[in-house]
1. Which residues, counting only those in segment 52-84, are farther than 16 Å from Asn23 by Cα and buried (at least 17 other Cβ atoms within 10 Å of the Cβ)?
2. Of (1) surrounded by 11 or more Cβ atoms within 10 Å (Cβ to Cβ); (2) closer than 25 Å to Glu83 by Cβ, Asp31 satisfies all except one. Which?
3. Looking at (1) modelled with pLDDT under 95; (2) over 11 Å from the mean Cα position of the chain (by Cα); (3) surrounded by fewer than 12 Cβ atoms within 10 Å (Cβ to Cβ), which is the only condition Ser12 fails?
4. Which of the residues that make up segment 47-84 are more than 10 Å from the chain's Cα centre (by Cα), of a type in the set (Gly, Ala, Ser) and modelled with pLDDT of 95 or more?
5. Part of a loop (DSSP other than H, G, I, E, B) and of a type in the set (S, T, N, Q) - does that describe any residue in segment 32-52?
6. From the residues in segment 53-78 that are assigned to a loop (DSSP other than H, G, I, E, B) and in contact (Cβ under 8 Å) with a residue 24 or more places away in the chain, which one is farthest from Val26 (Cα to Cα)?
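The values are calculated or read from the model by the stated rules, or taken from the named source; none is laboratory data. Just so it is clear, the structure is predicted and the values come from calculations on it, not from any experiment. Here the Cβ positions follow ideal geometry from the backbone for every residue, glycine too, while neighbour counts run over all protein chains shown.
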Amino acid sequence: MASDSQDNQEHSAVTGAKTPPSNFTVVKTYDPKGDLTLHRLSTATAFTCGRCNKEKKAKLVATNWKRWNDLRCNGCYGKVLSEG
């Protein structure tokens, strides 16, 4: 079983994870801003931000280049946009 999970993670990394993980229920997707797209989830969901590398739990999460395996927290999303 652990091998199957690892295989799935490796496959997601290779394919760019175009769909959200099963524990992410997206209720709204905002218009893309540059490389980032902000998504509102139905419940606060745990993830690791790919920019600040912190563990987060939030309803708002941004995808970088529309890849669900490359997430940004709302703080980093705002910071990147402000830096233009």
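1. Initially, segment 52-84 is screened for residues farther than 16 Å from Asn23 by Cα, giving 52-54, 64-66, 72-84.
Scanning segment 52-84 gives Asn64, Arg72, Cys73, Cys76, Tyr77, Val80.
2. The number of the failed condition is (1).
3. Only one criterion is unmet by Ser12, namely (3).
4. Within segment 47-84, Ala58, Gly75, Gly78, Ser82 meet the criteria.
5. Checking segment 32-52: not a single residue is part of a loop (DSSP other than H, G, I, E, B) and of a type in the set (S, T, N, Q).
6. Only one residue tops the list, namely Trp65.
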